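Written below as structure tokens is the structure these notes are about.
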Amino acid sequence: MSLATAYADAARTIRGSVQVALACHVNPDGDALGSMLAMHHVLRHHGIASVASFSEPFQTAPHYRELPGLELLVPPSQFPAEPDVMVTFDCGSLRRLGDLEASARAARSLIVIDHHISNDLFGSINVVDATAAASGVVVRELVRVLGFALDQDAAVCLYAALVCDTGRFQYESTTPAVFDLARELIEFDVPISSLSRTLFEEHRFAYLQLLAEVLQRAVLVAEQRFVWTVVTQDDLVRHGVTLDEVEGLIDIVRRTREAEVTAVLKEDGDGSVRVSLRSLGDVDVCAIAQSMGGGGHRFAAGFTASGPAAAVAEAIRAALV
């Protein structure tokens, strides 16, 4: 199925639905959350009932607090068990839906909106554009195909999705089309300054204290141009910081001049280790993540592993070889 056909099929399915159930991946980032909320606003604005949620832990990081519509989200326990039409955002596989995987399997029509090349294409309609800089870009095009207009709330959410997944327009995915979309969105009076500060620059003092410790234990493997560090459960408990709050920590570690590949390992409360990977481009970190059950892009990817963090870091080193 061509991408154009997928857009058309998705638009026709959404327009013919009584209610659309929207879901993004567990522990949503800015692109996942912004994309889903933008579609939620657009559908509600045009008279199509929709419900939006994501899996437990049902909480968003403080730096997303200025995204309009967070109060409209419902906990996963209130999500339809057998949706007529369900749409997923920025989610590469069914298991990334967490508690909402069962609803996706039971949906009459499942529309997948994503931009990850590693996407499993698990929907009945897969609107997956690996050339798009963010899932928000795919959402904008789908809204266009639907023949619907954006409003300010949707524009703010899409702008957040765009700046988060392009690293504030610093990544290789930043194309002229990205700037064209950004220009369109800011015409809706997006509060760029305040939004940028809350998304990227504002942290609690407790986070800064944790950051100091995490950077101090960072390890540089010079011969492999690899730098990594770990955020332990002890760190989080002692400083009163959540996993969501350390999401952007990798953007600081990746500034290491001597490193091509960066990894931040975060210990979860269930004993697993969440791994974020970044590359300057010579190394395809998506391939590494996929080999370990994850996915993403050449420049940014991730996976979840079991076992001690040091052993996981060693596995990444072996994959680099």
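The values are calculated or read from the model by the stated rules, or taken from the named source; none is laboratory data. As the structure is a prediction and not an experimental result, all values here were calculated from the model. All Cβ positions, even for glycine, are placed from backbone atoms using ideal geometry, and neighbour counts span all protein chains on display.
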> With respect to the numbered conditions (1) of a type in the set (Val, Ile, Thr); (2) surrounded by fewer than 21 Cβ atoms within 10 Å (Cβ to Cβ); (3) closer than 28 Å to Ala300 by Cα, which one is the sole condition not fulfilled by Val51?
Replying inline: (3)
>> Exactly one of these conditions fails for Asp180: (1) in a loop (DSSP other than H, G, I, E, B); (2) under 28 Å from Ser2 (Cα atoms); (3) without any contact (Cβ under 8 Å) to a residue 24 or more places away in the chain. Give me its number.
In response: (1)
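Condition check ((1) under 20 Å from Phe303 (Cβ atoms); (2) not assigned by TED's automatic domain parsing to the domain that holds Ala311) across all residues:
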position	(1), (2)
Asp165	yes, yes
Asp180	no, yes
Gln216	no, no
Leu220	no, no
> Where residues in the stretch 172-210 are closer than 27 Å to Leu277 by Cβ and among the small types (Gly, Ala, Ser), which of them is farthest from the chain's Cα centre (by Cα)?
Replying inline: Ala206
> Of the residues that make up the stretch 51-64, is at least one closer than 21 Å to Leu146 by Cβ, touching a residue at least 24 places away in the same chain (Cβ under 8 Å) and not assigned by TED's automatic domain parsing to the domain that holds Glu245?
Replying inline: yes
> Under 7 Å by Cβ, and 6 or more places apart or on different chains, what pairs join a residue from the stretch 1-18 that is closer than 13 Å to Val128 by Cα and in a helix (DSSP H, G or I) with one that is acidic (Asp, Glu) and modelled with pLDDT of 95 or more?
Replying inline: Leu3/Asp129; Tyr7/Glu141
>> Given the condition crowded, with 21+ Cβ neighbours inside 10 Å, under 18 Å from the mean Cα position of the chain (by Cα) and assigned to a loop (DSSP other than H, G, I, E, B), answer yes or no: does some residue in the stretch 148-171 qualify?
In response: yes
> Can you tell me which residues in the stretch 299-321 are within 16 Å of the chain's Cα centre (by Cα) and touching a residue at least 40 places away in the same chain (Cβ under 8 Å)?
Replying inline: Phe299, Ala300, Ala301
>> Tell me whether the stretch 70-85 contains one or more residues that are in contact with a Leu (Cβ under 9 Å, 6 or more places away or on another chain) and either hydroxyl-bearing (Ser, Thr, Tyr) or modelled with pLDDT under 95 (or both).
In response: no
> Taking the stretch 228-260 on its own, how many of its residues are at pLDDT below 95 and of a type in the set (Gly, Ala, Ser)?
Replying inline: 1
>> When you scan the stretch 131-150, do you find a residue that is in contact with a His (Cβ under 7 Å, 6 or more places away or on another chain) and modelled with pLDDT under 95, even just one?
In response: no
>> On the basis of being assigned to a strand (DSSP E or B), of a type outside the set (Phe, Trp, Tyr) and either within 19 Å of Thr198 (Cβ to Cβ) or in contact with a Cys (Cβ under 8 Å, 6 or more places away or on another chain) (or both), does Thr88 make the cut?
In response: yes
> Restricting the search to the stretch 103-126, which residues are closer than 22 Å to Asp29 by Cα and at pLDDT 95 or above?
Replying inline: Ser103, Ala104, Leu110, Ile111, Val112, Ile113, Asp114, His115, Leu121, Phe122, Gly123, Asn126
> Of the residues Glu56, Glu71, Glu101, which is within 30 Å of Arg204 (Cβ to Cβ) and part of a helix (DSSP H, G or I)?
Replying inline: Glu71
